[in-house]
Amino acid sequence: MELAVISLLNGLSYGLLLFMLSSGLTLIFSMMGVLNFAHASFYMVGAYVAYQVSVWFGYWPALVLAPLVLGILGALVERYGLRRVHRFGHVPELLFTFGLTYIIVELVQIIWGRAAVPYRIPPELDGPLFMVYTTQFPMYRGFMMLLAVLMLAALYLVLTRTRIGLIIQAALTHPHTVEALGHNVPRVFMLVFGAGAALAGLAGVIGGNAFVTEPAMAHLVGSIIFVVVVVGGMGSLLGAFVASMLIGVLQTLAVAIDSSLASMLASVGIRVTEATPLYSVWILKVSQVAPVLPYLLLVLVLILRPRGLMGSRAD
């Protein structure tokens with residue numbers, strides 16, 4: 001019971017971090033139709049910028065400055081890069097962001113090196129938040145969850161209760177009408193891309209020290225982000241939230257299960273021996289296949305519901 005509760009809490013915190021990452025990508029896709037392959041790289045840069053700012057000024061200034069820096073960087077990428085290739089179609093956009101990923105990784109390695117940097121949890125958040133039976137739940141995990149929930153609430157309020165949010169939603173479906181009303185739609189797109197990059201940067205600030213800040217971190221989460229976006233439904237923020245929580249909890253609980261299909265069958269009287277076909281598969285522990293589970297879920301969703309759990313677009 002204790003292991004299940006702790007695994008569930010860790011899964012929720014991991015899922016909320018995935019949502020912070022996927023929400024920016026979903027926002028960009030829903031507005032601009034751009035599937036940004038460099039989004040995970042913005043997450044990585046956010047972690048490195050936060051590390052550098054924390055070295056100079058401390059963690060709390062980094063929590064504010066790193067997303068701001070990434071927002072400006074994202075706006076510049078859209079203004080002087082994506083906007084120039086947008087008129088040539090989606091393939092050049094994908095190739096541009098794909099190439100940008102490698103450029104960012106090389107620049108990070110030139111500036112900070114190839115080894116992991118010592119980006120640590122701030123002392124005031126380094127400790128237990130509460131006890132679950134005999135296991136401590138870290139205070140920083142709770143902080144991650146709180147920040148993600150606050151970000152979700154702020155994003156919802158901005159999109160549904162503010163003038164700029166209404167303009168953004170209108171530009172999504174009727175860009176020419178919005179432009180005819182006097183609004184600068186390209187500028188709105190630039191702000192949205194910058195906001196998406198800022199959200200990735202914020203995830204980097206709180207995820208970089210919870211895990212490891214090193215050049216391969218973008219590659220490690222990049223594929224999972226796209227799984228979340230596709231499973232939730234392309235362009236659906238609510239779908240991204242549901243898929244993030246589902247994948248976070250599923251993967252974390254699976255890691256904690258030290259049983260195999262063979263042992264489960266043995267508990268009901270069915271024996272699996274070396275003569276059984278695919279014996280090596282039957283004896284695999286659930287924890288060993290945990291990294292593959294999100295991709296199995298992706299395949300199942302694409303087969304059964306290609307638009308995703310809550311998607312409304314077929315493309």
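The values are calculated or read from the model by the stated rules, or taken from the named source; none is laboratory data. Computed from a predicted model, the values in this text were never measured in an experiment. For neighbour counting, all protein chains shown are included, and Cβ atoms are generated from backbone atoms with ideal geometry for every residue, glycine included.
Tabulated data for the structure shown
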{"quantity": "Failed condition for I110, given (1) surrounded by fewer than 18 Cβ atoms within 10 Å (Cβ to Cβ); (2) touching a helix residue (DSSP H, G or I) at 6+ places or on another chain (Cβ under 6 Å); (3) part of a helix (DSSP H, G or I)", "calculated": "(2)"}
{"quantity": "L76 being assigned to a helix (DSSP H, G or I), closer than 26 Å to L159 by Cβ, at pLDDT 90 or above and out of contact with any helix residue (DSSP H, G or I) (no Cβ under 7 Å at 6 or more places or on another chain)", "calculated": "yes"}
{"quantity": "Close pairs from the range 38-54: first without any contact (Cβ under 8 Å) to a residue 40 or more places away in the chain, partner crowded, with 23+ Cβ neighbours inside 10 Å, Cβ under 7 Å, at least 6 apart", "calculated": "V53/A62; V53/A66"}
{"quantity": "Subset of the range 89-107 [among the aliphatic types (A, V, I, L, M) and surrounded by 17 or more Cβ atoms within 10 Å (Cβ to Cβ)]", "calculated": "L100, I104, V105"}
{"quantity": "Meets criteria (assigned to a helix (DSSP H, G or I), among the hydroxyl-bearing types (S, T, Y) and at pLDDT 90 or above) for S23", "calculated": "no"}
{"quantity": "Evaluation of Q136 against (1) loosely packed, with under 15 Cβ neighbours inside 10 Å; (2) in contact (Cβ under 8 Å) with a residue 24 or more places away in the chain (one fails), failing number", "calculated": "(2)"}
{"quantity": "Search result, residues across the range 1-46 that are among the small types (G, A, S) and within 28 Å of V178 (Cβ to Cβ)", "calculated": "S22, S23, G24, S30, G33, A38"}
{"quantity": "Matching residues, the range 212-267, being acidic (D, E) and either more than 23 Å from S280 (Cβ to Cβ) or buried (at least 19 other Cβ atoms within 10 Å of the Cβ) (or both)", "calculated": "E214"}
{"quantity": "Residue list for the range 256-304, restricted to those being within 25 Å of L220 (Cα to Cα), of a type outside the set (A, V, I, L, M) and part of a helix (DSSP H, G or I)", "calculated": "S287, Q288, P291, P294, Y295"}
